[in-house]
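J.: One structure is given below, represented as structure tokens, and several questions about it will come after.
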Amino acid sequence: MFLLTFVLFVLCVVLFFVLVSLRKSEKTSQWEAFINRGQSRLTDSGDTNHWYFVIRDLDKIRHLSEVRNIERATWIEKTAAGFVLHGTDYEIAFDRVVPGLKHHHPMHPQAEEEDYTLALVKRKLYPWDVKSKRNDEKG
């Protein structure tokens, strides 16, 4: 009986580690796919790849808020000012940067590329994130 219990225990431990490693590899592959989506400013069709600007500003987004799972964004909405990335519990707005007058050398023409800057990060507040005023007053 002891041997059977021990074998079942070892089997459960091995199964647990297999499931954890599968989950970790799945998350790693999802994150790599997310990063690869934003490698270039332009898509294959020549349109602006908005994911490029999101991935470029990941560190800024993390410092501004505690947005989790950016790779699970639901959609990108183009606006007059730029675009908004909508997620399940956040919205991240990017504004179009108006290019200034730059001196171009006539021998080296440069193509104007759209540029966007991080404008606003709104994260949905859950009840456990909200602090009561009494706690703030007491320090």
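J.: So what is the accessible area of segment 1-40 per residue, in Å², with the probe set to 1.4 Å?
T.: That works out to 88 Å² for each residue.
J.: For every other residue with a beta carbon closer than 12 angstrom to the beta carbon of residue 51, add +1 if it is Lys or Arg and -1 if Asp or Glu, then tell me the sum.
T.: Neighbour charge sum, excluding residue 51 itself: 0.
J.: What ranking do 83-96, 62-75 get when scored by the average of other Cβ atoms within 10 Å per residue, highest first?
T.: Packing order, densest peptide first, comes out as 83-96, 62-75.
J.: If I compute solvent accessible area with a 1.4 Å probe over the protein chains, what percent of it on segment 1-40 is carbon and sulfur?
T.: 78 percent
J.: In what sequence, highest mean first, do 4-11, 53-60 appear when ranked by Cβ atoms within 10 angstrom?
T.: In descending order of packing, they fall as 53-60, 4-11.
The values are calculated or read from the model by the stated rules, or taken from the named source; none is laboratory data. What you see is a predicted model; the values in this text were computed from it and never measured. Heads up, the Cβs are rebuilt from the backbone with ideal geometry, glycines too, and the neighbour counts pull from every protein chain shown. Protein only, heavy atoms only, side chains kept; ligands, DNA and RNA dropped before computing areas. Shrake-Rupley method; radii C 1.70, N 1.55, O 1.52, S 1.80 Å.
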